[in-house]
Amino acid sequence: MILIGCAALVTVALFNLSSIANKNKEALGRKASLGELTVSVMDGVGIRAKNLAVADDPAFSTGAFVKIAELRLTVRLWPLLWKEFRLKRLTVAKPVITVIRDEQGNYNFGSFAATTAKQPESKEQSGERRAERREARDRGESDRGAIPALIALAKIVDGEIRYVEPEKNLDLTIKRHD
C-alpha cells in the first residue's frame with residue numbers, strides 16, 4: 001500500500017515539474033530557471049534540483065541574483081501520508097547570492113517586496129488565511145518555530161555572497177567552503 005502511494009506521489013510530482021519554474025517566475029516577478037529536477041522516495045520523499053537561478057532586477061544587472069548548483073530537499077514519508085509536511089533535510093550546494101546597492105541606496109532585492117505588495121489578498125483570501133491560522137492554533141500547532149527549524153535542518157555547502165556598489169567601485173566576495 002505504501003509502495004503504491006509512493007509511486008503515485010512520484011508520478012504526480014513528475015507530471016507537475018515542468019510548471020514549477022513558470023510559477024516561480026510569476027511569484028517572484030523575475031525570470032527563474034531550473035536545470036534538472038528529480039524525485040526520489042529513498043530515505044523519505046526527496047526532490048533534487050540542479051542549476052537553479054533567479055534573475056536579478058534588470059535595473060541593477062543582467063546577471064543572476066541567486067544561483068544554486070544543487071538543492072536537495074527531503075521530507076519524512078510517514079507524516080506526508082497524513083498530509084503533514086515534515087522536513088527531514090535541506091542541502092543547498094554552491095549557492096551564490098549577489099547583492100547590489102545603487103547610488104540612491106536601493107538594493108537589488110528590494111523589488112521582491114514590491115512584487116508581493118502589488119498582489120494584495122482579497123478580503124476573502126485574508127479571512128481564510130486568518131481562519132486557518134486560528135484553527136492551527138486551536139489544535140496546538142504553530143508556525144513560529146518554522147524558520148529556526150528550517151535553519152537547523154539546512155546545510156549550506158560552498159556558499160558565496162557577493163556585495164557590489166558600482167559607483168564606489170566596491171566588489172566584495174565572501175566564500176565559505178565546508
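The values are calculated or read from the model by the stated rules, or taken from the named source; none is laboratory data. Please read these numbers as outputs of a predicted model, since none were measured by experiment. Using ideal geometry, Cβ is built from the backbone for each residue, glycine included, and neighbour counts are taken over all protein chains shown. Note: accessible area is taken over every heavy atom of the protein model, side chains too, but ligands, DNA and RNA are not part of it. Shrake-Rupley method; radii C 1.70, N 1.55, O 1.52, S 1.80 Å.
Kindly flag which residue pairs out of K31/K168; K31/K155; K50/K83; K155/K175 have an alpha-carbon separation exceeding 21 Å in this structure.
K31/K168; K31/K155; K50/K83
How charged is the neighbourhood of F60? Take every other residue with its Cβ under 10 Å from the Cβ of F60, and add Lys/Arg as +1 and Asp/Glu as -1.
After counting each charged neighbour, the total is -2.
On the full set of protein chains, 1.4 Å probe, figure out the accessible area of K31 and give it in Å² to the nearest 10.
Estimated to the nearest 10 Å², K31 gives 140 Å².
With every protein chain in place, what's the accessible area of L34 (1.4 Å probe, Å², nearest 10)?
Near enough 50 Å² of accessible area.
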